[in-house]
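**Student:** Can you keep this structure in mind? I'll have questions shortly.
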Amino acid sequence: MGKKGILTVISGFSGAGKGTIMKELVKKYPYFLSVSATTRPPREGETDGEDYFFHTREEFERMIAAGELIEYAEYVGNYYGTPKAAVEKQLRDGKDVLLEIEMQGGMLVKEQFPDALLLFVAPPSAEILKARLNGRGTESVEEIEKRLQRASEEVTYMKSYDYIIVNNELEKAVEQVHSIIVNEHCRTGYCTELITMMESELTQFAKGD
Ligand code: 5GP
């Protein structure tokens, strides 16, 4: 068995800037960023298969029934889910995989993959979150209200995450996420091959070989 990849879930309130952190991370480092399936209509500039796999509700429900998703959740009236096959293949091939998903999905991933690393991206304050949502201009006023309402419910999940990344400065947040994952590779559980090799070689030395 080769080296296992690490599965990292990155969640945060809408507008916390996790999407931007993800884009920078995959530009700089060889992570596999999972592309989710959704029933939300594409936003201006979004491409099917790159930003999301865009589906009808019927198609999405077929994927649920066929067990093709690791997890799924409804977020502000639309389904979002993580395709299983691609993620499992990348992890088997030893690649580190990033899932940018909301918190209910994050909890479901942790149940199925207890070794998953859970990172939460937070804005420096709620005021800044609201200003960022207003400033990006991709959602209507009602949509922004819904997302802020959702954030007020989601705040309870913060404690369940392993690390909180305060997104004050993009470059710093990107490096923090990367170093947490790099350090995770040093966990004993990810070094079983090295341990086995050491045991075997040192036993040989002790015998005088
Ligand atoms: P947006 O509509 O802004 O692209 O995404 C809305 C929310 O859905 C974000 O919090 C995003 O992280 C989350 N999301 C995206 N893909 C998935 C997924 O596959 N599963 C779950 N549970 N949430 C997702």
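The values are calculated or read from the model by the stated rules, or taken from the named source; none is laboratory data. Bear in mind that the values here come from a model prediction, so they are computed numbers and not experimental data. As a convention, Cβ positions derive from the backbone with ideal geometry for all residues, glycine included, and neighbour counts pool all protein chains shown.
**Student:** Considering only residues that are under 22 Å from Glu153 (Cα atoms), more than 8 Å from the ligand (Cβ to nearest atom) and assigned to a strand (DSSP E or B), look in the stretch 66-115 and name the one that is modelled with the lowest pLDDT.
**Tutor:** My answer is Glu74.
**Student:** Condition (residue is assigned to a loop (DSSP other than H, G, I, E, B) and free of Cβ contacts under 8 Å to residues at least 24 places away in the same chain) applied to the stretch 117-127: is it met by at least one residue?
**Tutor:** yes
**Student:** Assess whether Ala126 counts as being surrounded by fewer than 17 Cβ atoms within 10 Å (Cβ to Cβ), among the aliphatic types (A, V, I, L, M), out of contact with any strand residue (DSSP E or B) (no Cβ under 6 Å at 6 or more places or on another chain) and more than 24 Å from Glu175 (Cα to Cα).
**Tutor:** no
**Student:** Could you check the stretch 1-45 and list, in sequence order, the residues that are in contact with a strand residue (DSSP E or B) (Cβ under 8 Å, 6 or more places away or on another chain), of a type in the set (A, V, I, L, M), under 28 Å from Gly67 (Cα atoms) and not in a helix (DSSP H, G or I)?
**Tutor:** Once the filter is applied, which keeps residues that are in contact with a strand residue (DSSP E or B) (Cβ under 8 Å, 6 or more places away or on another chain), of a type in the set (A, V, I, L, M), under 28 Å from Gly67 (Cα atoms) and not in a helix (DSSP H, G or I), the stretch 1-45 yields Ile6, Leu7, Val9, Ile10, Leu33, Val35, Ala37.
**Student:** Working only within the stretch 18-37, note down all residues that are over 13 Å from the mean Cα position of the chain (by Cα) and buried (at least 20 other Cβ atoms within 10 Å of the Cβ).
**Tutor:** Ala37
**Student:** Further question on the same structure: Cβ contacts < 7 Å: first residue touching a residue at least 24 places away in the same chain (Cβ under 8 Å), restricted to the stretch 66-95; second residue more than 9 Å from the ligand (Cβ to nearest atom) and in a strand (DSSP E or B), any location; separation 6+ or different chain. Result?
**Tutor:** Val87/Val97; Gln90/Phe32; Gln90/Val97; Leu91/Leu7; Leu91/Val97; Lys95/Phe32
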